[in-house]
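Here is the structure we will look at.
The values are calculated or read from the model by the stated rules, or taken from the named source; none is laboratory data. All of these numbers come straight from a predicted model, not from anything done at the bench. As a convention, Cβ positions derive from the backbone with ideal geometry for all residues, glycine included, and neighbour counts pool all protein chains shown. Just the protein is used for accessible areas: all its heavy atoms, side chains included, with ligands, DNA and RNA removed. Shrake-Rupley method; radii C 1.70, N 1.55, O 1.52, S 1.80 Å.
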Amino acid sequence: MSVRFIFRCQFCSDQPDPLTQVSLEKAMRENTWGAYQDALPGRWLVFHARGLYGSPRYACREHRGDLVAYLRQHFGTIGYHVWKRPPYPSSLAHSDTDHAWIAATRRQGGWGS
Ligand SMILES: [Zn+2]
């Protein structure tokens, strides 16, 4: 049984295309916070929040600039992470999360491959 995350742009409620969905699901496994990440190929923007930043945020290609502005307006005084400038990495993975991801994928029988 695989868990399926539902991602919606917080500005227009758009949903990602299937390949970007996979990128977003992978991004959710990143053990990080306070970091922006590109989700390709749809160029969605993820903000890994947690802690003082609250829940993770997502925005579609059209609204990624709005997400950055929103975060800076709300969190700009409490954390420097939101001021990070692009380009943002498309992967924050290091070897540990890669191994965990591969193991999890194998157990679930792959993601549509
Ligand atoms: Zn949007």
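Filtering TYR58, TYR36 for residues that are assigned to a strand (DSSP E or B), within 9 Å of the chain's Cα centre (by Cα), within 10 Å of the ligand (Cβ to nearest atom) and without any contact (Cβ under 8 Å) to a residue 60 or more places away in the chain leaves a single hit, TYR58. Within this structure, VAL68 passes the test of being open to solvent by less than 80 Å² (accessible area, probe 1.4 Å), of a type in the set (Val, Ile, Thr) and more than 9 Å from the chain's Cα centre (by Cα).
Which of the following residues is closer than 16 Å to ARG4 by Cβ and either modelled with pLDDT of 95 or more or open to solvent by 30 Å² or more (accessible area, probe 1.4 Å) (or both): PRO16, PRO41, PRO86?
One residue alone meets the criteria, PRO16.
Scan segment 19-33 for residues that are part of a loop (DSSP other than H, G, I, E, B) and open to solvent by 50 Å² or more (accessible area, probe 1.4 Å) and jot them down. ARG29, ASN31, TRP33 - these are the residues of segment 19-33 that are part of a loop (DSSP other than H, G, I, E, B) and open to solvent by 50 Å² or more (accessible area, probe 1.4 Å). Is it fair to say ILE78 is within 16 Å of the ligand (Cβ to nearest atom), in a loop (DSSP other than H, G, I, E, B), among the hydrophobic types (A, V, I, L, M, F, W, C) and at pLDDT below 95? Considered against the rule, which asks whether it is within 16 Å of the ligand (Cβ to nearest atom), in a loop (DSSP other than H, G, I, E, B), among the hydrophobic types (A, V, I, L, M, F, W, C) and at pLDDT below 95, ILE78 comes out as no.
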